[in-house]
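First the structure, in the form of structure tokens, and then the observations on it.
The values are calculated or read from the model by the stated rules, or taken from the named source; none is laboratory data. Small disclaimer: the values here were computed from a predicted structure and weren't measured. Neighbour counts are summed over all protein chains in view; Cβ atoms, including those assigned to glycine, are modelled from backbone coordinates with ideal geometry. The area values use the complete protein model at the heavy-atom level, side chains included, leaving out ligands, DNA and RNA. Shrake-Rupley method; radii C 1.70, N 1.55, O 1.52, S 1.80 Å.
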Amino acid sequence: SKEEKSPELLRWQGRGTTRNLREIVLGRCYSYLAEGHVELGDRDCLKIWESLKAAFIHKNPCNSTTEDYQPLMELASHPVPCNKSLFWSRTYDLVHLYSKSNRQFLTLEDTFLGYMLDGLSWCGDPSAPGINYESCPKWSECEGSSVSVFWKMASKMFAEAACGVVHVMLNGSIEAGAFRSSSIFGSVEVFNLNPDKVSELRIWLMHDIGGPQSDSCSGHSIMKLRSILEKRNVKITCEDNYRPVQLLQCAHNPDHPDCSFCT
Ligand code: NAD
């Protein structure tokens with residue numbers, strides 16, 4: 001029929017709930033457990049899916065709260081060993097390439113919770129069937145959008161759990177500066193590091209191969225991060241183009257002039 005599909009669904013600017021969300025979350029849950037994360041012990045994937053679904057189904061997707069996600073967080077959380085936490089901002093591809101090649105480091109997306117939901121979209125709708133597959137609010141569309149409330153909460157927990165020497169990979173090719181106070185790293189993670197547990201934050205400031213060198217360890221944005229953390233009694237160090245990560249960038253761009261080190 002020419003009839004419009006679910007005309008009563010709310011319309012948003014962002015992409016809708018990922019098709020087959022249930023199967024994807026369950027599949028990722030079972031694979032993570034099968035990958036030998038023995039430290040997790042027994043986890044109930046069905047229960048985890050049910051608690052995610054209960055957090056948003058039938059609800060207005062702009063009114064999500066941390067309470068909605070509390071049960072999911074409790075079912076999926078696990079400790080992260082000291083010195084392993086790796087934060088990032090504007091370096092999504094590179095940081096995960098690196099964390100996959102060096103198991104010494106763990107990003108939020110390498111933890112159980114982050115692994116299950118990375119890259120997925122979901123939101124509810126007050127009318128049946130309670131899940132909106134057509135559209136979901138963008139982060140900027142409302143404060144409490146389902147996905148942004150989830151990631152802010154997961155990021156806060158990941159930062160609170162960090163201990164020892166922690167790392168962050170920032171992007172020195174961003175014009176607005178490598179450290180942005182409005183990012184999740186700058187607004188959530190930095191303020192939830194516990195100075196009693198975290199001895200030092202090491203910054204790796206990476207430039208895109210062939211990209212502009214807009215910022216560096218001596219630039220204003222890093223100075224700002226330094227002053228925030230010094231006030232919070234966390235030591236900070238910064239390294240431009242940390243070699244092990246740069247070599248990985250160069251493995252993908254072997255012939256680029258930025259990668260000819262031996263001249
Ligand atoms: P970023 O600017 O690179 O954003 C990372 C991702 O978060 C983006 O791809 C986008 O999906 C989303 N995002 C964050 N703020 C947004 C906004 N205002 N509008 C639209 N989308 C937004 O880096 P960031 O903000 O510093 O977040 C990265 C840090 O926070 C990491 O350390 C990670 O632990 C955590 N985090 C992860 C995710 C994820 O999707 N895996 C999302 C948010 C935060």
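Observations on the model:
- Residue match in the stretch 151-172 (condition: among the polar types (S, T, N, Q) and either open to solvent by 10 Å² or more (accessible area, probe 1.4 Å) or touching a strand residue (DSSP E or B) at 6+ places or on another chain (Cβ under 6 Å) (or both)): yes
- Flag: Asp118 matches the condition of being open to solvent by less than 70 Å² (accessible area, probe 1.4 Å), within 10 Å of the ligand (Cβ to nearest atom) and either more than 18 Å from Leu33 (Cβ to Cβ) or in contact with an Asp or Glu (Cβ under 6 Å, 6 or more places away or on another chain) (or both).
- Residues in the stretch 173-212 that are among the β-branched types (Val, Ile, Thr) and within 11 Å of the ligand (Cβ to nearest atom) were compared, and the one that is surrounded by the fewest Cβ atoms within 10 Å (Cβ to Cβ) is Val188.
- Of the residues examined, Ser199 is one that is free of Cβ contacts under 8 Å to residues at least 60 places away in the same chain, part of a strand (DSSP E or B) and polar (S, T, N, Q).
- Phe261 being among the aromatic types (Phe, Trp, Tyr) and either on the phi > 0 side of the Ramachandran plot or loosely packed, with under 12 Cβ neighbours inside 10 Å (or both): yes
- Extreme residue, most open to solvent (accessible area, probe 1.4 Å), among residues of the stretch 76-112 that are closer than 22 Å to Ser173 by Cβ and aromatic (Phe, Trp, Tyr): Tyr92
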